Structure formats: C-alpha cells, structure tokens
1. How many percent of the accessible area of segment 1-131 is carbon or sulfur, using a 1.4 Å probe?
2. Report P(r) for segment 1-111: all Cα-Cα distances, bin width 10 Å, range 0 to the bin holding the largest distance, values in whole percent.
3. Considering the dipole of segment 34-83 built from charges on the beta carbon (Lys and Arg +1, Asp and Glu -1) around the Cα centre, which of Ser74, Ile64, Ala39 is farthest to its positive end?
4. Restrict the search to segment 63-132; then list the GluC sites (Glu not before Pro) that DSSP places in a loop and that have at most 16 other Cβ atoms within 10 Å of their Cβ.
Amino acid sequence: RRILMDTTNKKRRQYESFLAGVDILQSLNQYERATIADALEPAEYKAGEVIIRQGDPGDTFYIIEQGEAVALQSPGPNIPPVEVKRLTKGQYFGEIALLTDQPRKATIQAATDLRVVALDRKSFIRLLGPCEDILKRNMQNYRTYTDVINKKSKS
C-alpha cells in the first residue's frame, strides 16, 4: 500500500508542475491541478501515428507532454487534408468535441515520437469546469482548412 501511495504522490508532483505550465490551467489553484494530475492517463505515440481522426466521435482530451503533433483538416471526403496547426509541449487538443458534442474537427497526428496525458470525457467535464469558458473562447483561435487554402491562394 505504501509503495502505491509513493507512486501516486510522485506522479501527482510530476504532473502538477507540468500542468502549472499549461496556459489554460494556470488560473487553477494547486488543489484543482492536483485533482487533474490524479486523473491523467499517460499515452505514447510513434511519429506518423494518428491520435484522433477528423469526423470520429470525441471522448478524450489530450495535453502534449513531449514531442510535436500536427492538426490536419479536410473540407470533405476525398479531399486531401492540409496542416492547419502544429502543437508542442503544453498545448492541448480534443476539447472541441467534448465541449460541443460534435465529431472531431481535425485529425491529430504525431509529427515526432509523442508523449501525452489524457482525460476521458467524464473527468474532463468534472475537472475542467472552471476552464470551460476559456476553452470555448479559445476555439475561435483555431485556423481552419479554409483559412489555410485562402492564405495559399493569395501567396
């Protein structure tokens, strides 16, 4: 039992300091970050591996712990996706589907070997309630396929 507690406390301390550096979570107090740290599940992906796919239902929120990912978006079937954003340590993805109950808006693929921490839907809703307004406001900042195509055509 003591070993389990030591492992849990070590994991909590490790993730608490990491979470303190994530922009969206900086407004949370230490207790709130500790609660989130306890609920995080680590995952690793190899370069090129798809983490989430555009159009799929969303059930998980991710924060990049190490590595780089790309967000790819396609306006429709049989149209090749374009890169709309690069994501690095401390950046997050997957929240739009959880906040709006709509399918994934983009495919997220590991650009390098990638380590993330994840929250399932239930934990996301319960623990990130204080951040929901900020998350929704930040959704307006995402570039879309149309933004990228329009920019390329003007160049």
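1. Details: 3640 of 7290 Å².
Carbon-and-sulfur percentage of accessible area, whole number: 50.
2. P(r) for segment 1-111, in whole percents per bin: 13, 38, 32, 13, 3, 0.
3. So the residue we want is Ser74.
4. Details: sites: Glu65, Glu68, Glu83, Glu95, Glu132; in loops: Glu68.
Those that pass, being in a loop and sparsely packed, are Glu68.
The values are calculated or read from the model by the stated rules, or taken from the named source; none is laboratory data. Small disclaimer: the values here were computed from a predicted structure and weren't measured. Neighbour counts are summed over all protein chains in view; Cβ atoms, including those assigned to glycine, are modelled from backbone coordinates with ideal geometry. Only protein heavy atoms, including side chains, enter the accessible area calculation; ligands, DNA and RNA are left aside. Shrake-Rupley method; radii C 1.70, N 1.55, O 1.52, S 1.80 Å.
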